[in-house]
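Comments concern the structure below.
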Amino acid sequence: MTAKAGDHTQHRQPDGSMWPMPPQDGYTVDDYFALDLPPHTEMIDGSLVFVSPQRKFHSLLMFLLELGLRQTVPEHLRVRREMAVVLTRKTVPEPDLVVVTAESDGADEQTRYEASDVVLAIEVVSPDSESRDRSTKPLKYAAAGIPHFWLVEMAPRTRRPVVHTHIRSATGRGYEPTGVHRDRLKVDEPFTIDIDLGEYDRL
């Protein structure tokens, strides 16, 4: 059974919920912000990506990194969690954390940032998003001009966090690694940051 909602056809699921069917050419930014979507839904190349329930590792690492970033973030930058970033007309991911310029930070009702606003994008790897976090998103972040990217994962043997830091390559086609951080995350770019990753064991 189908029903119309605005300009998009929807399919009724067995539980009675309505899920949007994409237009033939895929969704656009205007569609994305007009649809009533579940929290943290992303749009990649015109397709909607729904997320699975968050793991404890994911939640704790986001908290630890957000707290650490806020302790040293300069006045001209802001740290934001799980906010939509418009990369192109058909791609709107939601990084786990971003550092954006203060001048791009608007009213409390703000729902998005532009790629040009973002200084650092951070993704914490989850089983259901591993391919997107490791390959799809970094390529798109770099192509959109975001200068810094961090990938955070759980080390298989120790079950503790590892942070891979990257800087955008000169070609803009990807990122170049700048470090692998296990016990302490200490870097000078995009600003001076010093985070004790060992705190993860005490959260």
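The values are calculated or read from the model by the stated rules, or taken from the named source; none is laboratory data. Bear in mind that the values here come from a model prediction, so they are computed numbers and not experimental data. Glycine gets a Cβ as well: all are built from the backbone with ideal geometry, and neighbour counts include every protein chain shown. For the accessible areas, the whole protein counts, side chains as well, though only heavy atoms, and no ligand, DNA or RNA atoms are used. Shrake-Rupley method; radii C 1.70, N 1.55, O 1.52, S 1.80 Å.
Add -39500 (n - 2.57) for each DSSP H run of 4 or more in the chain, then divide by its residues: what number comes out at 222 nm, to the nearest 500 deg cm²/dmol?
Values: 3 runs with 30 residues, N = 203.
It lands at -4500 deg cm²/dmol.
Which whole-number percent is the relative contact order of segment 156-203 (Cα, under 8 Å, 6+ apart)?
Numbers: 57 pairs, mean separation 13.9, N = 48.
Normalised by residue count, the contact order of segment 156-203 is 29 percent.
Whole percent per 5 Å bin, from 0 to the bin with the longest distance: what is P(r) over all C-alpha pairs of segment 46-128?
3, 13, 25, 23, 20, 12, 4, 0
Roll a 1.4 angstrom probe over the protein heavy atoms and tell me the percent of accessible area of segment 93-203 that is carbon or sulfur. Before the final figure, lay out the partial values.
Values: 2520 of 5530 Å².
The nonpolar share, carbon plus sulfur, comes to 46 percent.
How large is the direction-averaged shadow of the alpha-carbon convex hull of segment 163-203, in nm²?
Computed as one quarter of the Cα hull surface, the answer is 3.3 nm².
So which GluC sites (Glu not before Pro) in segment 85-123 are both in a DSSP loop and have at most 13 other Cβ atoms within 10 Å of their Cβ? Let's see the in-between values first.
Values: sites: GLU103, GLU109, GLU114, GLU123; in loops: GLU109.
Passing sites in segment 85-123 are GLU109.
Quick one: angle between helix 56-72 and the longest Cα principal axis of the chain, in degrees between 0 and 90, rounded to 10, please.
Its long axis makes an angle of about 60 degrees.
From the Cα trace of the chain, what convex hull volume per residue do you get, rounded to a whole Å³?
141 Å³
List the trypsin sites (Lys or Arg not before Pro) within segment 107-203 that fall in a DSSP loop (any state other than H, G, I, E or B) and whose Cβ has at most 11 other Cβ atoms within 10 Å.
Details: sites: ARG112, ARG132, ARG134, LYS140, ARG157, ARG159, ARG168, ARG173, ARG182, ARG184, LYS186, ARG202; in loops: ARG157, ARG159, ARG173, ARG182.
Passing both the DSSP loop test and the Cβ count: ARG157, ARG159, ARG173.
For segment 35-85, I need the span (max minus min coordinate) of the C-alpha atoms along each principal axis, in Å, sorted largest to smallest.
Principal-axis extents of the Cα atoms in segment 35-85, largest first: 36, 28, 18 Å.
Taking the alpha carbon gyration tensor of segment 119-176, what are the square roots of 5 times its eigenvalues, largest first, to the nearest whole Å? Could the numbers behind the result be given before it?
Details: eigenvalues 94, 28, 13 Å².
Equivalent ellipsoid semi-axes, largest first: 22, 12, 8 Å.
Please calculate how many Å² of accessible area the chain carries per residue, with a 1.4 Å probe and no DNA, RNA or ligand atoms counted.
Working: 11000 Å² over 203 residues.
Per-residue accessible area for the chain comes out at 54 Å².
Take every DSSP beta bridge whose two residues both sit in the chain, then give the antiparallel share in percent to the nearest 5. Could the numbers behind the result be given before it?
Values: 38 of 46 bridges.
Around 85 percent of the beta bridges assigned by DSSP in the chain are antiparallel ones.
First select every other residue whose beta carbon is under 11 angstrom from the beta carbon of VAL125; then total the charges, Lys and Arg +1, Asp and Glu -1. Walk me through the numbers before you get to the answer.
Values: positive: ARG55, ARG132, ARG134, LYS137; negative: ASP96, GLU123, ASP128, GLU130, ASP133, GLU153.
Surrounding charge for VAL125 is -2.
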